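Participant: Please see the structure below; I have some questions.
The values are calculated or read from the model by the stated rules, or taken from the named source; none is laboratory data. Quantities reported herein were computed from a predicted structural model and do not represent experimental measurements. Virtual Cβ from ideal backbone geometry, glycine too; neighbours counted across all protein chains shown.
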Amino acid sequence: MIYNKVVYLYLIPRIGQNTMNTDIKPFYAVIFGGDGDLSCRKIIPALFYRWLDGQLNMDFKILCISRSISEDKVLKSKLSDFIKKTIEVEHENKIASFLERVQLVNLTKMTHHEFDKLSVELDNHVDWQRVYYLSVPSSAFSDICIALKEKGLIQADSKVVLEKPLGHDLTSSDAINNAVLTAFTEDQIFRIDHYLGKETVQNLMVLRFANHLFERAWNSENIDCVQITVAEKLGVENRAEYYDKTGALLDMVQNHLLQLLCLIAMEPPSKLTPDAVRNEKLKVLQSLRMFKKGSVTDHLVRGQYTRGKMKEEKVNSYLEDIEKYNSETETFVAIKAFIDNWRWKNTPFYLRTGKRMTKRYSEIVINFKAIQHNIFPDSQVALGNKLIIRLQPEERIELVQLSKIPGPGGYRFKPISLKLDFVDSFKKRMPYAYERLIIDILRGNQTLFMRYDELEAAWKWIESIKKHWLKESKLVLYESGTWGPGEEIMDKTQSW
Ligand code: BG6
């Protein structure tokens, strides 16, 4: 297909050429929460895959900090089980050899005194760069950073990686960031959002800025609305305590959905340097229309899942899942947002995310306006084109256009999709988001990581919602295994 070729020839091969390609120095990856869920499911498997692909062919060691595990072999057996879940069987024999590079550091109480154990290990290779990955609740960030500083464990090329959510509001986020900044400089801080490491998300920049075709039409004159949807099948699983304090607004919108919105709405950066890109994203966040008293009701829906069926199996309600029966925490949120700038004046951006939906899928739909003058009076050409960017489960770009249904007689139309399926086109395993991001951290490339001012701007907008929504927007219940709150309620933020 022509479209496939256009994308293939012009865009894809050039992605790598503009990114920083500095060699990775030997390193220590020090993972706080090294035996935790994120480390086992994402961070360690990502390091394993990069090593397996030969990209980590330098000296390195992974120090997993744990408070509860005290035996190295217990940690390794746990990590090995998790890696096995993510890889093809033929690679299983490599796991033991990879795990030789992993070492447990047990810090039971995380006191400053205990940090000496870490210091002893790091002293073995003083010239290796040190990446401190904080995969623990953000309330622990300040203490860890202060201890690292006081023990003299931070060098000029050290880095710190901060997992979201950073605090629970602007004030707590500022406090955490300021504490981290007393130990690390901004260019050593990597605030990670794994959505930015997804291949299709990275391809958004290429799609927009390496394609003449789309950029010309990328504005309110031509685009009717943008829908950004992240639907999950999962409920809260074993994260009840965390999730009930967080909710969908902070867990998904404040970071992942806003980052996607930035990439769709930003102006072209003048070059592909971290600050040039982040400056443009910041301007989008600062241009988001703030919610005011009285403006939430018509622009926002918040919901919570009840009992239902997923693939014929009965599932619990959210309240049963968290075993707390008076919670008003939202597991679904839909927002009609506006960006008050020249390019996007009055174009709605619909942000929607929910747990326990019918199926797992994430996509961005750019809905183009219908043509201005219809020369086919008996046909429905009122339909505009759609550009669909599917992030998961498949990674695909689709351009929906009207085509004539073959046959004699009058003009009859049908929407037809031109599809670019990444798996078909590249015949390669799509790397996990964390793989790309971890390599960027090791190389010191901050393009895909949030800067402090971006985070602040995102919090300010979220706070404008939080300030009014409990009074102005009633929690709506929806059945598990459905698409969320009903059509009549979703009307104000458009149905799925
Ligand atoms: C995480 C959220 O950041 O993203 C989870 O904390 C959510 O609640 C997850 O399930 C979704 O990520 P992905 O990559 O599976 O879409």
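Participant: I need the full set of residues from segment 434-460 which are over 30 Å from M290 (Cα atoms) and touching a Phe, Trp or Tyr at 6+ places or on another chain (Cβ under 7 Å), in order please.
Facilitator: Residues satisfying the conditions are E435, I441, L442.
Participant: Can you name every residue in segment 323-365 that is over 19 Å from P485 (Cα atoms), of a type in the set (S, T, Y) and either buried (at least 21 other Cβ atoms within 10 Å of the Cβ) or under 26 Å from the mean Cα position of the chain (by Cα) (or both)?
Facilitator: Scanning segment 323-365 gives a single hit, T347.
Participant: Can you tell me which residue within segment 477-496, out of those that are at pLDDT 95 or above and surrounded by fewer than 20 Cβ atoms within 10 Å (Cβ to Cβ), is nearest to L258 (Cα to Cα)?
Facilitator: That would be L477.
Participant: Tell me, which residue of segment 333-363 that is touching a helix residue (DSSP H, G or I) at 6+ places or on another chain (Cβ under 6 Å) and within 16 Å of the ligand (Cβ to nearest atom) is nearest to N219 (Cα to Cα)?
Facilitator: Looking at the filtered set, the residue picked out is L351.
Participant: Test S317 against the stated conditions and say whether it is hydroxyl-bearing (S, T, Y), more than 16 Å from Q254 (Cα to Cα) and buried (at least 17 other Cβ atoms within 10 Å of the Cβ).
Facilitator: yes
Participant: Being outside any loop (DSSP other than H, G, I, E, B), modelled with pLDDT of 85 or more and of a type in the set (G, A, S) is the requirement here; does S417 meet it?
Facilitator: yes
Participant: Those residues that are surrounded by 12 or more Cβ atoms within 10 Å (Cβ to Cβ) and more than 27 Å from K369 (Cα to Cα), I need them from segment 289-314; list them, please.
Facilitator: Residues satisfying the conditions are R302, G303, Q304, Y305, T306, R307, G308, K309, M310.
Participant: When you scan segment 237-258, do you find a residue that is in contact with a helix residue (DSSP H, G or I) (Cβ under 6 Å, 6 or more places away or on another chain) and closer than 18 Å to V136 by Cα, even just one?
Facilitator: Taking every residue of segment 237-258 in turn, at least one turns out to be in contact with a helix residue (DSSP H, G or I) (Cβ under 6 Å, 6 or more places away or on another chain) and closer than 18 Å to V136 by Cα.
Participant: Report yes if K73 is among the basic types (K, R) and crowded, with 18+ Cβ neighbours inside 10 Å, otherwise no.
Facilitator: In short, no.
Participant: I'm checking my understanding of the structure. Among residues of segment 166-180 that are outside any helix (DSSP H, G or I) and crowded, with 19+ Cβ neighbours inside 10 Å, which one is nearest to the ligand (Cβ to nearest atom)?
Facilitator: Per the criteria, the residue is L166.
Participant: If we keep just the residues of segment 194-217 that are surrounded by fewer than 20 Cβ atoms within 10 Å (Cβ to Cβ) and either among the polar types (S, T, N, Q) or part of a loop (DSSP other than H, G, I, E, B) (or both), which is nearest to the ligand (Cβ to nearest atom)?
Facilitator: Among residues in segment 194-217 that are surrounded by fewer than 20 Cβ atoms within 10 Å (Cβ to Cβ) and either among the polar types (S, T, N, Q) or part of a loop (DSSP other than H, G, I, E, B) (or both), the one nearest to the ligand (Cβ to nearest atom) is Q202.
Participant: Output yes when any residue across segment 453-467 is surrounded by fewer than 17 Cβ atoms within 10 Å (Cβ to Cβ) and over 23 Å from the mean Cα position of the chain (by Cα), and no when none is.
Facilitator: The answer is yes; a qualifying residue exists.
Participant: Can I ask one more? Report whether or not L99 is in contact with a Leu (Cβ under 8 Å, 6 or more places away or on another chain), within 16 Å of the ligand (Cβ to nearest atom) and either of a type in the set (D, E) or at pLDDT 95 or above (or both).
Facilitator: No, not satisfied.
Participant: Moving on to the next point. Taking segment 67-119 as the region of interest, how many residues are acidic (D, E) and in contact with a strand residue (DSSP E or B) (Cβ under 7 Å, 6 or more places away or on another chain)?
Facilitator: Residues in segment 67-119 being acidic (D, E) and in contact with a strand residue (DSSP E or B) (Cβ under 7 Å, 6 or more places away or on another chain): 1 in total.
Participant: Of the residues in segment 114-145, how many are of a type outside the set (D, E), within 28 Å of the chain's Cα centre (by Cα) and under 30 Å from E241 (Cα atoms)?
Facilitator: 14
Participant: Please pick out the residue among I389, I441, I375, I371 that is within 16 Å of the ligand (Cβ to nearest atom) and of a type in the set (V, I, T).
Facilitator: Among I389, I441, I375, I371, only I389 is within 16 Å of the ligand (Cβ to nearest atom) and of a type in the set (V, I, T).
Participant: Are there any pairs, at least 6 apart or on different chains, whose C-beta atoms fall under 9 Å, with the first in segment 229-244 and in contact (Cβ under 8 Å) with a residue 24 or more places away in the chain and the second part of a loop (DSSP other than H, G, I, E, B) and hydrophobic (A, V, I, L, M, F, W, C), and if so, which?
Facilitator: Final answer for the pair search is T229/W496; A231/W483; A231/W496; Y242/V236; Y243/V236; D244/V236.
Participant: Would a scan of segment 181-193 turn up a residue that is modelled with pLDDT of 95 or more, in a loop (DSSP other than H, G, I, E, B) and loosely packed, with under 15 Cβ neighbours inside 10 Å?
Facilitator: yes
Participant: Of the residues V160, V131, V74, only one is without any contact (Cβ under 8 Å) to a residue 60 or more places away in the chain, within 24 Å of N177 (Cβ to Cβ) and not charged (D, E, K, R); which?
Facilitator: Just a single option satisfies the conditions, and that option is V160.
Participant: If you scan segment 327-362, which residues turn out to be among the aromatic types (F, W, Y) and touching a Lys or Arg at 6+ places or on another chain (Cβ under 8 Å)?
Facilitator: F332, F338, F349, Y350, Y361 - these are the residues of segment 327-362 that are among the aromatic types (F, W, Y) and touching a Lys or Arg at 6+ places or on another chain (Cβ under 8 Å).
Participant: Tell me, yes or no, whether segment 151-162 has at least one residue that is within 16 Å of the ligand (Cβ to nearest atom) and within 24 Å of the chain's Cα centre (by Cα).
Facilitator: Scanning segment 151-162, I find at least one residue that is within 16 Å of the ligand (Cβ to nearest atom) and within 24 Å of the chain's Cα centre (by Cα), so the answer is yes.
Participant: In addition: Only one of L272, L282 is in contact with a helix residue (DSSP H, G or I) (Cβ under 6 Å, 6 or more places away or on another chain) and closer than 15 Å to A457 by Cβ. Can you tell me which?
Facilitator: Exactly one of L272, L282 is in contact with a helix residue (DSSP H, G or I) (Cβ under 6 Å, 6 or more places away or on another chain) and closer than 15 Å to A457 by Cβ, namely L282.
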